[in-house]
Amino acid sequence: MSRKDVIVVASVSCIYNLGVPVNYFDSALHLEIGQPMVRVDLMRQLLKIQFERTPGLLERGKFRVRGEVFEIAPASEKFVYRIEIVNQKIAEIGVVDALTKTIKEQMKEAIIFPVKHFVSSEPQMKEALKEIKTELKDRLAYFKKKELYLEAERLERRTRYDLEMLKTLGFCHGIENYSRHLAGKLAGEAPDTLLSYFPWKKDKGGKNIPDFLTIMDESHIGLPQVRGMYAGDRSRKDTLVQYGWRLPSALDNRPLKFDEFEKRVGQVVFTSATPGDFEMSRSAVVAEQVIRPTGLIDPPIEVRPVFDKKTNRGQVDDIISEIEAIIKNKERVIINVLTKKMAEELSEFLKQKNYPANYLHSDVKTLERTEVLIAFREGKFNVLIGVNLLREGLDLPEVTLVAIMDADREGFLRSEESLMQTMGRAARNVKGKVILYADTITKSMKAAMKEVDRRRKVQIAYNTKHGITPQTTNKDIEQFLDMPAGDLNLPVRGKRSFKK
């Protein structure tokens, strides 16, 4: 908020309610050398913007006072401000390393922002408390009329406690649920989000437009998430309001609707290996990165039957023959199945056959997923079986084969985009190839194979023209917490050993 050359990396949560930017900026402390300042006044101002005083460990959102020296740990920074007051004036402003306590930089001024984003002035708070009391009275009357006495008691107890906290401290847990009153907005009005903190400007016609660039990575996933957030949040909040856990105004503590999001982002760059119809229709320019720096070519695709009547072999028997070659060459294979249960059962079946295998899906805890992937790259097992988690975002250069079971089961997990993303896991290795097990060629399969074939022709022609020899991606195995896989002592479910 204090400069324009800023990059903010955010998740989809950037479309959720985040206080009022004007109040947040106005509540910030502007400190500069020579500014008159009394020790007690600075402490009072820090407490007002929700900093917490501590005599011990200095953590984010806390400050420590030793004589005339203040040490302030901002909520959003890794360093500490050191403010020294001499003769009731600010004599020194330093940036201190939080660990070593050495002064990294001397500054002429500093802006210290509030710990929480929901900050209101005293007049605003008084008006908000009045409105909350009025809404509570109306809602209690509604519950009692419907003879919902338990809901009425629950709502009154919770809300009156929150009112007392707001009145005394200016903050309470779940303060965002009163944001409509604190911001002075009308019912149903769009909330202020992270996007509201970015600058706007006037165009040639005098219309206000966003003055920042939005880049949506993996837009084929991000856009549907943004589109679905409002309905999901509303469904949950309706239940809370219905049973007296929250006032109806809590419904306005919500994410932006999709049309509201579109109006607030302005200029956008969508990045995706599989852009959807929305991105393509809204883009004035479409730039394609098909050529890789390593010269790697998209993997060739082979379609094999789910059950071959001639050889009387199914897809599992066929993939086992491929696994044997993979193990012999000390390579890796990813097998993509349709359900979590199938992943677990196939993993167990392969282990019983003495093939080093493991599975990965959304029920596996986040820390354990990291351990599994490290062990997979290190060669502690050669076969990784999964569902949706193995579709994208994984960079595993050791993988030479991606096998997609039941590829002809048309649907979300076997759509053109999903097939393209999954097959891309084999595009990091020069030996990479893809096997699709299917009895029929679906529309999605046909489209995905056609696109891969088009890309391969472009890549091969480029390599031939420039004399480029494809090379496997070279990527170090990053140790989790600087520890070898298997040393984390994470909870083990069933037989999830990495031993061969």
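Here, each number is a calculation from the coordinates, and none is a lab measurement. Since the structure is predicted, the reported quantities are computational estimates derived from the model, not experimental observations. Note that we place each Cβ from the backbone using ideal geometry, even for glycine, and neighbour counts take in every protein chain shown.
Near ARG236: Cβ cut-off under 15 Å, other residues only, Lys/Arg at +1 and Asp/Glu at -1. The net charge is 0.
Neighbours of VAL402 by Cβ distance under 9 Å: Lys/Arg scored +1, Asp/Glu scored -1, total +2. Among residues other than PRO299 with Cβ under 11 Å from its Cβ, the summed charge is +4 (Lys and Arg +1, Asp and Glu -1). Provide, in order from the shortest bin, the percent of all Cα-Cα pairs of the stretch 334-398 in each 10 Å bin, continuing until the bin that contains the maximum pair distance. Pair shares across the bins are 22, 60, 18, 0. Between the listed residues SER283, THR366, PHE270, the Cα displaced farthest toward the positive end of the dipole of the stretch 259-368, a dipole computed from Cβ unit charges relative to the Cα centre, is found at THR366. Centre-to-centre separation between the Cα atoms of the stretch 211-225 and those of the stretch 396-462: 24 Å. Output needed: percent of Cα pairs per 5 Å distance bin for the stretch 122-282, bins running from 0 to the one holding the longest distance. All Cα pairs, binned at 5 Å, distribute as 1, 8, 14, 16, 15, 13, 11, 9, 7, 5, 2, 0 percent.
For the chain, the share of DSSP beta bridges that are antiparallel, to the nearest 5, is 55%.
Take every DSSP beta bridge whose two residues both sit in the stretch 122-282; close to 40 percent of them are antiparallel. Considering all different alpha carbon pairs of the stretch 17-95, the Kirkwood hydrodynamic radius works out to 13.2 Å.
Extents of the chain, taken as max minus min of Cα coordinates on every principal axis and listed largest first, are 87, 64, 58 Å. Of the trypsin sites (Lys or Arg not before Pro) found in the stretch 105-185, the ones in coil according to DSSP and having at most 13 other Cβ atoms within 10 Å of their Cβ are LYS108, LYS146. Shape index of the stretch 291-385: Rg/Rh, with Rg the Cα radius of gyration and Rh the Kirkwood radius from the inverse mean 1/r over Cα pairs, equals 1.00. Given LYS78/LYS116; LYS78/LYS202; LYS130/LYS185, which pairs have Cα atoms separated by over 25 Å? From the list (LYS78/LYS116; LYS78/LYS202; LYS130/LYS185), the Cα-Cα distance tops 25 Å for LYS78/LYS202.
Which lysines have a Cα lying under 21 Å from the Cα of LYS145, excluding residues fewer than 8 positions away in the same chain? Here the lysines satisfying the reach criterion relative to LYS145 are LYS133, LYS137. For the stretch 301-466, the spread of Cα positions along the three principal axes, ordered from largest to smallest, is 45, 40, 31 Å.
Taking the Cα centre of each part, how many Å lie between the stretch 374-393 and the stretch 116-163? Taking the Cα centre of each part, the stretch 374-393 and the stretch 116-163 sit 51 Å apart. Under the classification rounded if a/c is under 1.5, otherwise prolate if a/b is larger than b/c and oblate if not, where does the stretch 244-310 fall, given a ≥ b ≥ c as square roots of the Cα gyration tensor eigenvalues? Cα axes put the stretch 244-310 in the oblate bin. Basic side chains Lys and Arg get +1 at the Cβ, acidic Asp and Glu get -1 at the Cβ, and with that the dipole of the stretch 82-139 about its Cα centre reaches some 160 debye.
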